[in-house]
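Reviewing the structure listed below.
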Amino acid sequence: MDEIHSKNIISEFVAESSDHLESIEPDLLILEQHCDQIDYNIINRIFRAMHSIKGASSFFGFDALTRLSHAMENVFMKFRDGELTPDPDRMDPIFQGIDKVRLMLSDVHSSNQIPCDEEIRKINAILEKEMSNDQIVPAKDDIPVTSEPVSDESRDDSVVNDLINETMDRIAEINPIFISLKNNPHDISTDDYKALYKTVHHIKVGARFLNFRQLYELGKRLEIVFGRFRQMADLVRKDQADILFDGLSKVLELFDNIHCSNDIDCQKELLKLDFLIDEMPKNVSVETKAEPSDERKTPIISKTTALSNTGKLAPNNKPEKSTSPETIRVSVTVIDSLMNLAGELVLGRNQLRQELETVVRSNPKLNTIIQNVDAVTSEIQEDIMKMRMQPVGNLFNKFSRIVRDIARQLSKEVELIIEGKDVELDKTMLEGLSDPLTHLIRNSLDHGIELPAQREKNGKSKVGKLQVSTFHEGGQVNIIVKDDGKGIDPEVILKKAIESGNISADRAAYLSDSEKINLIMLPGFSTAESITDISGRGVGMDVVKTNIEALGGQLELESKPGKGTTIRIRLPLTLAIIPSLIVGSGDLRFAIPQVNVQELFLIRVGEKSRKIEKIGDAEVLRVRERLLPLVNLSDVLGIEKKYYTPLTNEPMADRRLKSDDRRNESIGAESEDPDSTERRKLSNDRRSSWRNDVNVVVLKIGNNSFGLIVDRLYDNEEIVVKPLSTHIKDCRCFAGATIMGDGRVAMILDAVGIAECAKLNFTEVNREAHRRNAIEERKKQGRKGNFESILLFNSAENEHFALTLEAISRLELIKPDDIYRIGKRDFIAYLNESIPLVYLEDILPVKPFPKDMEQYFMLVPKTNIDSVGIAVSNIMDTIDVNVDVKHDKTTPQGLLGTAFVNGNLTMFLNTVELLELIYEHVPAL
Amino acid sequence: MAISQFITFNIMDHLVGIDIKDVREINRILEITPVQHAPDYVRGLINLRGNTVTVFDLAVRIGFGKRDITEESHNIILKKDAVGLIVDNIGDVIEADENEIEIPPANLKGMKSRFVEGVKKLNENLLVILSASKIIEYDGVYKEKD
């Protein structure tokens, strides 16, 4: 039993301490960034966290942990007192120490075996360095920072140390008060004085016990003063506060030199305090004289009552204790089960409500009760759903630290910009994202962002930018990791991929730049020349990609050599909550994500400004001088149409075939339609008849929009998207499913899918459909398809050349006059510089270029070195082809090979080789 | 000598069983939201304590006509892939030894044989054992009916 108990406590300690570490890490970074201007709240938070780790670990006997955290605590104390500035050099050992603590916590039972002397030594070195600079603070060998074993002799010390530790903790808590005592004593509330009182009392008791006389004397006097002041805080004068401040400072000084404290002269302070005590009114001093040996709590309680008796002095400006909101830890399984139970509760409530409906009439009081239960139940469900959601900021915060460490290690300067911290993601998804994102960030820092000197040389700012942003778009959560580093050179990737046998040279020739870059995601791919600490272990992007895909996401990589790399992760909505409009068709309800909804129209019959018209078979609605195509949801889904009578709210079958019949009926008053008589009975004024009103939801797809006619409009609701099983994934009208408030499942409509099903002819719909199909196609075929866009052109008249569009940077029309001839070379002005103009016959065994033409073209291939122009006499076409380019030993360098395109034998240029040839050919500029 | 247990139910004239190990639970959640344009054997989606479960009409899935939902209808929720199977009724749990199970005969009338894992001879009739994993396998070749 006991063992289990202590196990629980220890795991609690570990969890709590880990939390402490996590919470102080951002603080540490802030501290470091603003090292010249210390925020005392922050440092106190750090100090407290470290102290509680230390305290608890010593309680459980985790000595290594204790020693380490104690060493850090000492440093923080110096930071706090302004004796040291937390500059990066000093923070390095601290961060290492923090990491070590984390490591120890991860396996706390064997933490004593984890070596940490090195860390402790470094941390202590911070203090020692300072001491050698600053003679005021004498050596403090009494604090058990060193790793020497506890000897018999030092037993006494351990008690002393306990006192010191505990007191330091208390002092840390009162520190803000301490500061304001000096600066603005009027801000100090009675509660603050209470805290001070408690602290000095504690010191006094300890000092008497350990026979530190000076400390005791000081403590005794201070206790008396604070004891009185706590009842008359607003009457304290500045000069009095100064005396207190000096007294407290002396106490701290004594503490710092506790073993020789009895020899320190504090006569001045004692006298001043005596004077203060004499001067003070005696009327409230009775119970503060409580004997020091008393139970400590007694005076506190009595004082509280005293306070409530006076009934005023509400403290407004208490020192901020901690900015983090209160939390408790709950296991995820509990939350899951709660979530389900809440669902059940909602169902039960709905059933109850239905059954009670009959009784309500006889007992109207029930109504309010039901409503109340209703609201509460909904709220419970909402809140429980929220419990699983966490802002991505929780994850992103740790990146600051990673970026700092790596940047320092690599001597790079990096600014991390985080955007969209508030976007919420399901906890499990967030956890799954941690590793891949960390990896991406490491990659960016290690391979992407250049050294400061290099950056300056390239005309970039010295400080690299790394941007991590999150936002909702198109019903997905997007995460973008973007750096402005050197980017990825597609050719380097290609070379490596061929070397490692991931791709054959033949196939490689057809790849576009972006495809080449994407080779980086092949399993086992690494470009790193040497394995570094940070990244480049050969398990790289493929792992990232797999991880993202395991979460149902997609990863896109985009890179411009020299400019930077952008990685976009799209995560599905699964478990992300999206606001939606609920609509009805037949008996069924459907959810439409709000992002797709542009506007809503209720078209009343007879309304002149808006009516449904017909073009051929298609129904359209005139909106702001534009025709909006209309689609009936029930038609698309093949659901029997219904309307709801406003009187009884009962669904009735709709017999019209087209919604625009409503208009015809209203105009054709003498219609023979038997329905119309029946309808007349139900409504006095046919023109505003409910049966003829039409609800139109305008959905947007890109720049296009269309109207969706629905039978009924319900409320807006926040829904949690559930994924569709494979069996219904092919139903393109749906993006997912959700569970409604009443426990029923509702489908989520997909605007693009509906437009497609309704055969609306939007370019964007088509494009989107095309894109989706293409993705499908590609998935099916693997990477078989080699369709590429190529440019067909001539140099000499009858010789045909081809180059993939991907490889072309620009095509320019040039005149012979623009060309300058220097020596044997031609140059041309291009983008404010002169670049060599190359004729293909100079480098390839082809016929000469006809230079007598009045104008011709210059083709500038994409390159990240020096631009060159290739003279082109005629541009034939750009086409998409899928051809087998023949490459054999006779193929000259600079060519991929030859193939027949449109019946012409065409030479496919290999830009890489071609450029190499050109650079060889044209002497360096 | 492994002994398996099978949950049994009737489809048309057949006594059909599914290995109890593949079954998460049996319930009567029959508030099914239909999914338009879905394969014919997909009856729709249900809410199983906060999770959506795709429900099949098992009769349609294995080659019979669509069944009406009655008082006797039950929903067998499979462990894998959150799929539910609507069956007309639930019978006994029948035990069968591994070597009692025979390969399915060629003439299983009206039933798609690929879903059948084996049969067991009972006193009066045959128990047709279905493969849960085959049933939840997606064919992928679904064509839209326009």
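Values quoted throughout were computed directly from the atomic coordinates according to the rules given, and no laboratory measurement underlies them. All figures in this text were calculated on a predicted structure; none of them were measured in a lab. Because the Cβ atoms are built from the backbone with ideal geometry, glycine has one as well, and the counts that use them run over all protein chains shown.
Worth a mention:
- Largest-first ellipsoid semi-axes for chain B, taking √(5λ) over the Cα gyration tensor eigenvalues, angstrom: 25, 17, 14
- Rounded to whole Å, the principal axis extents of the Cα atoms in segment A:815-925 read 39, 29, 25, largest first.
- Estimated FRET transfer efficiency when R0 is 56 angstrom, pair residue B:102-residue A:614 (beta carbons, to 0.05): 0.30
- Three-way shape call for segment A:793-849 based on the alpha-carbon gyration tensor, with the a/c threshold at 1.5: oblate
- For chain B, relative contact order (Cα pairs under 8 Å, six or more residues apart, normalised by length) works out to 28 percent.
- Counting 0.36 nm for each residue step from residue A:714 to residue A:598 and taking away their Cα separation leaves a gain of 40.1 nm.
- Quarter of the Cα convex hull surface for segment A:392-571, i.e. its orientation-mean projected area (nm²): 10.3 nm²
- Normalising the Debye intensity of segment A:714-758 to I(0), with uniform scatterers on Cα atoms only, and taking log10 at q = 0.19, 0.22, 0.24 Å⁻¹ returns -0.62, -0.78, -0.88.
- By average C-beta atoms within 10 angstrom, highest first, the peptides A:379-392, B:49-62, A:723-736, A:833-846: B:49-62, A:723-736, A:833-846, A:379-392
- Sites listed here are GluC sites (Glu not before Pro) in segment A:4-44 whose DSSP assignment is loop and whose Cβ has at most 15 other Cβ atoms within 10 Å, and the list is empty.
- In this structure, the residue pairs whose Cα-Cα separation is over 21 Å, taken from A:122/A:398; A:560/A:862; A:563/A:862; A:386/A:729; A:386/A:722; A:496/A:516, are A:122/A:398; A:386/A:729.
- Treating r as the C-beta distance of residue A:380 and residue A:263 and R0 as 60 Å, the FRET efficiency rounds to 0.35.
- Look at the alpha carbon pairs under 8 Å that are at least 6 residues apart: their mean separation over the length of segment A:392-571 gives a relative contact order of 24 percent.
- Extension gain from residue A:563 to residue A:213, taking 0.36 nm per residue of separation minus the Cα-Cα distance: 119.1 nm
- Residue exposure proxy: A:580, A:110, A:69, ordered by other Cβ atoms within 10 angstrom of their Cβ from fewest to most, comes out as A:110, A:580, A:69.
- When restricted to Cα atoms, segment A:332-388 yields an Rg and a Dmax of 13.5, 45 Å, respectively.
- Here residue A:99 and residue A:431 are evaluated by their C-beta separation; at R0 = 25 Å the FRET efficiency comes out at 0.80.
- Annotation: amide H of residue A:826 within the under-5 Å range of A:837, sequence separation 5 or more or interchain, hydrogens built in the peptide plane.
- Taking a ≥ b ≥ c as the square roots of the eigenvalues of the Cα gyration tensor, segment A:442-489 is prolate, since a/c reaches 1.5 or more and a/b is larger than b/c.
- For B:87, A:200, A:720, order by how many other beta-carbon atoms lie within 10 Å, fewest first: A:720, B:87, A:200
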